[in-house]
1. Say we look at region 78-92 and pick out the residues that are buried (at least 17 other Cβ atoms within 10 Å of the Cβ) and either of a type in the set (D, E, K, R) or out of contact with any helix residue (DSSP H, G or I) (no Cβ under 6 Å at 6 or more places or on another chain) (or both); which of these is farthest from Lys174 (Cα to Cα)?
2. Tell me the helices (runs of 4 or more DSSP H) entirely within region 103-198 that contain at least 3 residues that are within 24 Å of Arg68 (Cβ to Cβ).
3. Checking Arg148 against (1) over 30 Å from Leu63 (Cα atoms); (2) among the basic types (Lys, Arg); (3) in contact with a helix residue (DSSP H, G or I) (Cβ under 9 Å, 6 or more places away or on another chain), only one condition comes out false. Which one?
4. For region 67-124, name all the residues that are charged (D, E, K, R) and under 18 Å from the mean Cα position of the chain (by Cα).
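Each reported figure results from applying straightforward, stated rules to the coordinates on display, with no laboratory input. Here the structure is a predicted model, which is why all the values come from computation and not from measurement. In this analysis, Cβ positions are derived from the backbone assuming ideal geometry, glycine residues included, and neighbour counts consider all displayed protein chains.
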Amino acid sequence: MEKITSDRRHFCRRLLSAGMLLGVGCPQLLAATQKQQKHKFQMDAKMSFEQVFMFGCQRPVMLMKALRPQIGEEKFMKMLKETSYKLGEEEGRQMAKGLGDNSFAAWVAKNKEVDYFGKHVNTGHIVEDTAAAFEMRVSECLWAKTFRELEAGDIGYACVCHRGSAIGRGFNPKLKLIRTKNLMQGDDYCQYRWIVEA
């Protein structure tokens, strides 16, 4: 009888200890589990890069196409180019500020970096990398593909490509982009040749 009572006490003490531990620890455990769960807006959409681009561009392009005749062709394109240029310059300034360096070497190093996103939306290679010039050629561009499929290459050029030279100017006012070929305008590749103006 004494052994059964002792076993019961031992069992109750353990049960009570475990219960207290769970009672005290459960809110923290629950909170940690909830922190790991993503909000539905942050869940993977299960879309390809191509689908994301088409989804993201289609409606804005439709809107711009509808606005174009109301504003007038020349004024509309001028507005797009000026706005994208200003945004590009600011992006370049912020990039240089973030790096703490706006030299040509820093610009080249930044343009050589290809992140996960870049690998999936562009295909290109370096043609020249010297102290005087840095040139890349892009043979595939998801922006060009998307805007051209939407029959809006001119809008894509004004919004996306025109911004390119502005980023360089914002990064360093002496940087100059020389571009004679552009996928968005129907060429077989994009040329990005950067030099430093004297």
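1. So the first thing to find is which residues in region 78-92 are buried (at least 17 other Cβ atoms within 10 Å of the Cβ), and the list is 80-81, 84-85, 88-89, 92.
This time we only want the ones that are either of a type in the set (D, E, K, R) or out of contact with any helix residue (DSSP H, G or I) (no Cβ under 6 Å at 6 or more places or on another chain) (or both), so: 81, 89.
Working: Lys81: 20, Glu89: 13 Å.
Once the filter is applied, the top-ranked residue is Lys81.
2. On the way: elements: 104-112, 116-121, 142-149, 153-156, 162-171.
Because the criterion is at least 3 residues that are within 24 Å of Arg68 (Cβ to Cβ), the helices (runs of 4 or more DSSP H) in region 103-198 that meet it are 142-149, 153-156, 162-171.
3. For Arg148, the exception is condition (1).
4. Going through region 67-124, the residues charged (D, E, K, R) turn out to be 68, 73-75, 78, 81-82, 86, 89-91, 93, 97, 101, 110, 112-113, 115, 119.
Passing the criteria: Glu89, Glu90, Glu91, Arg93, Lys110, Lys112, Glu113, Asp115, Lys119.
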